[in-house]
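S.K.: Before anything else, here's the structure in question.
Each reported figure results from applying straightforward, stated rules to the coordinates on display, with no laboratory input. Since the structure is predicted, the reported quantities are computational estimates derived from the model, not experimental observations. All Cβ positions, even for glycine, are placed from backbone atoms using ideal geometry, and neighbour counts span all protein chains on display.
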Amino acid sequence: MNATEKRFCPSCGNGFDAPVGVRGRPQVFCSPLCKKIEQLFSWMEDEISKEDFDPVHSKIKEIRRRLFYLSNLLNAKSHNQKTRPNE
Ligand SMILES: [Zn+2]
């Protein structure tokens with residue numbers, strides 16, 4: 001008989017039923033994975049904005065390559081979900 005309220009995950013945008021009236025921090029994310037992804041991106045944004053990159057010998061190219069890879073991976077997964085036939 002725990003009450004819930006509809007919330008939307010700031011990481012993935014999915015709606016979920018969060019318990020209300022329970023002790024502790026309110027649930028913000030729909031899953032531990034979404035919480036971890038948000039923590040990782042916040043950390044990377046903080047670190048990258050603090051860093052003073054040397055434009056010639058920098059890590060920028062490698063960071064961009066890896067972010068580009070992640071972007072393509074997400075696109076591929078998103079595309080697979082859209083094209084997966086209904087079961
Ligand atoms: Zn989520």
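S.K.: Return the long-range amide H neighbours of T4 (sequence gap of 5 or more, or a different chain), with a cut-off of under 5 Å between placed amide H atoms.
M.R.: For T4, whose amide H was placed from the backbone, the distant partners under 5 Å are V20.
S.K.: Hand me the tally of lysine pairs in the chain: alpha carbons under 29 angstrom apart, and the pair either on different chains or 8 or more positions apart.
M.R.: For the chain, the number of qualifying lysine pairs is 18.
S.K.: Quick check for me: using +1 on Lys/Arg Cβ and -1 on Asp/Glu Cβ, what's the dipole size of region 1-51 about its Cα centre, in debye to the nearest 20?
M.R.: 320
S.K.: Tell me the Kirkwood radius of the chain: reciprocal of the mean inverse pair distance over distinct alpha-carbon atoms, in Å.
M.R.: Answer for the chain: a Kirkwood hydrodynamic radius of 16.3 Å.
S.K.: Which one, H79, F29, C12, projects farthest toward the positive side of the charge dipole computed for the chain from Cβ point charges (K/R +1, D/E -1)?
M.R.: The one lying farthest along the dipole's positive direction is H79.
S.K.: To test your reading of the geometry: what angle, between 0 and 90 degrees and rounded to tens, separates the Cα axis of helix 32-50 from the longest principal axis of the chain?
M.R.: 30
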